[in-house]
1. Among F36, F88, F58, which is loosely packed, with under 12 Cβ neighbours inside 10 Å, modelled with pLDDT under 95 and aromatic (F, W, Y)?
2. With surrounded by 15 or more Cβ atoms within 10 Å (Cβ to Cβ) and assigned to a helix (DSSP H, G or I) as the only criterion, which of V129, V120 stands out?
3. Counting only residues that are at pLDDT 80 or above and charged (D, E, K, R), how many does segment 1-32 have?
4. Which of the residues that make up segment 270-316 are buried (at least 18 other Cβ atoms within 10 Å of the Cβ) and within 22 Å of A183 (Cα to Cα)?
5. Every residue in segment 39-55 that is surrounded by fewer than 17 Cβ atoms within 10 Å (Cβ to Cβ) and outside any helix (DSSP H, G or I), please.
6. Report whether or not I203 is in contact with a helix residue (DSSP H, G or I) (Cβ under 9 Å, 6 or more places away or on another chain), assigned by the TED database to the domain that holds M144, open to solvent by less than 50 Å² (accessible area, probe 1.4 Å) and β-branched (V, I, T).
7. Which condition number does R253 fail, the rest of (1) among the basic types (K, R); (2) surrounded by fewer than 17 Cβ atoms within 10 Å (Cβ to Cβ); (3) modelled with pLDDT of 90 or more being met?
Amino acid sequence: MKQSLFETRHKAEWERFALALERLERGKDTSQVGGFPKAYRRLCQHLALAQERGYSSFLIDSLQQHVLRGHQQLYRHRSRLGANLLSFILADFPRLVRAEWPFVLVAALLFFGSLISVGVLVYVFPELVYNLIPADQVREMQGMYDPVAGHLGRPAERAASEDWVMFGYYVMHNIGIAFQTFASGLLMGVGSAFFLFYNGMVIGAVAGHLSEIGFGQTFWPFVIAHGAFELTAIALAGAAGLELGWALIAPGRLSRSEALQRAARKSVLLVCGVMLFLLIAAFIEAYWSSKTSVTPLTKYLVGAGLWALVALYLLFAGRTRHAPE
């Protein structure tokens with residue numbers, strides 16, 4: 001291909017890259033960062049072609065300068081994104097949870113309140129479980145956690161690839177529940193409230209029933225560790241949904257669309273933290289909870305430690321220390 005045709009074909013693309021590069025260098029427009037790596041790779045390809053085909057040194061030098069400047073911006077913003085992500089995990093997310101405490105409190109009361117109360121009721125009145133969960137699902141749960149059957153757990157010979165498959169399954173399953181709980185908040189918050197109460201009720205009914213029939217020795221060691229992150233994530237997803245619903249119910253002086261947009265910014269950040277919690281929960285469930293070689297006492301100790309870690313993280317992470325006057 002002749003150089004003139006090559007320049008004509010890609011001139012507009014180079015000009016767009018130069019404009020985006022200039023904006024990034026000035027720090028005035030970081031919205032370009034998302035598509036910048038792709039444009040940078042395209043420019044590198046064009047430089048390689050120009051060098052291979054022996055085009056003029058003027059063209060090659062110009063492309064090379066853009067590549068060098070692009071390389072600096074690409075890795076500068078990559079490191080900034082990494083720092084922002086770390087800051088979100090270590091400080092911004094727990095601070096946001098504390099800032100939105102009214103929604104978090106209501107969500108926790110709906111979810112954990114129904115879980116504990118229904119669990120106790122089913123334990124005291126065993127037949128109640130069949131009014132809450134279909135009989136075939138109750139039998140399925142009994143078969144899964146039956147200590148004699150040995151269906152639950154991670155066999156020693158299970159391959160690492162199977163652990164990875166289970167990890168993926170847990171991630172998709174848990175994210176589905178969390179997203180349902182969050183997105184249904186658009187129904188004036190009623191949807192989130194319903195799913196918080198319903199999921200808590202089902203989990204509580206299962207826990208109470210299995211404990212009452214003597215299967216707690218397999219159930220509790222299995223769930224205690226990953227439950228710290230999984231159950232907390234469901235409650236936080238519900239809190240994010242309740243915030244959306246409240247923006248629609250009580251927008252204040254804003255229009256409902258404006259109030260919803262403001263609430264959505266915070267709710268989406270909450271959900272990002274929820275996704276992180278669910279990834280951690282799925283990893284623990286696939287690689288730790290299912291281990292049969294670990295004693296129940298060890299699992300209880302690790303589980304208690306993880307619950308304490310989650311509580312301390314959400315309550316204290318990201319707090320600024322005030323110097324003494």
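1. It is F58.
2. One residue alone meets the criteria, V129.
3. Selection size over segment 1-32: 9.
4. Of everything in segment 270-316, those that are buried (at least 18 other Cβ atoms within 10 Å of the Cβ) and within 22 Å of A183 (Cα to Cα) turn out to be L270, V271, G273, V274, F277, L278, A281, A282.
5. G54
6. no
7. It fails just one condition, (3).
The values are calculated or read from the model by the stated rules, or taken from the named source; none is laboratory data. These figures come from a predicted structure and were not determined experimentally. Cβ atoms come from the backbone with ideal geometry, glycine included; neighbour counts cover every protein chain shown. Please note that ligands, DNA and RNA were not included when accessible areas were found on the heavy atoms of the full protein model with its side chains. Shrake-Rupley method; radii C 1.70, N 1.55, O 1.52, S 1.80 Å.
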